[in-house]
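Enquirer: There's a structure below that I have some questions on.
What follows draws every value from the coordinates through simple rules; no lab data is involved. Given the structure is predicted, the values throughout are model-derived calculations rather than measurements. Methodologically, a virtual Cβ is constructed for each residue, glycine included, from the backbone with ideal geometry; neighbour enumeration extends over all protein chains shown.
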Amino acid sequence: MSGFDSNNGIRLMKKVSQFTAMALLGAGMMATPVQADDTLKAGEKVFKRCKACHTVGEKAKNKVGPLLNDIFGRTVGTVEGFKYSKAMAEVGEGGLVWNVETMTEFLKKPKKYIKGTKMGFAGLRKDEQIADVIAYLKSFSKEAQ
């Protein structure tokens, strides 16, 4: 007996497929429609935590936080009509742009990544959730298409 458990092998293969889809989406490459759809659904589920303050979509508007349409490729702190914290405005003036890397780090620990942000969210702990919500937000960003 080799010690290989077929159930664990199947779970591992599913995880590898999920991470492959996330990596492809994060790199701007195409995943299969099923993988992309599953990732977007998972991202939408994670985004429910954000909905108290942020919106996306056709009717998106600023709330406690800025709307997140077209966030990728946008300079931090530049949504028209939203009053940003001094810290967020300063990093934007310094040229910080939202992309997969900056968004990933911000979503892990917002207050550590941009000290002085007024965003009250503590962050996401799981890399998979971060990748899923990024894929979801990318679906609302022309720059990422």
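Enquirer: Tabulate in residue order the Karplus-calculated ³J(HN,Hα) for the stretch 127-139, using 6.51 cos²θ - 1.76 cosθ + 1.60 with θ = phi - 60°, rounded to whole Hz; enter x for Gly and Pro.
Expert: 4, 5, 5, 4, 4, 5, 5, 5, 4, 5, 5, 4, 5
Enquirer: Okay, moving on. How charged is the neighbourhood of residue 60? Take every other residue with its Cβ under 12 Å from the Cβ of residue 60, and add Lys/Arg as +1 and Asp/Glu as -1.
Expert: Computed value for this residue: +2.
Enquirer: What shape does the stretch 71-145 have by the C-alpha gyration tensor, where a ≥ b ≥ c are the square roots of the eigenvalues, rounded means a/c under 1.5, and otherwise prolate means a/b greater than b/c and oblate the rest?
Expert: In terms of gyration-tensor shape, oblate.
Enquirer: Can you grab the distance from the C-alpha centre of the stretch 95-145 to the C-alpha centre of the stretch 48-62, Å, no decimals?
Expert: When both Cα centres are located, 14 Å separates them.
Enquirer: In the stretch 34-79, which trypsin sites (Lys or Arg not before Pro) fall in coil by DSSP and have 15 or fewer other Cβ atoms within 10 Å?
Expert: Hits after loop and neighbour filter: 48, 49, 51, 59, 61, 63.
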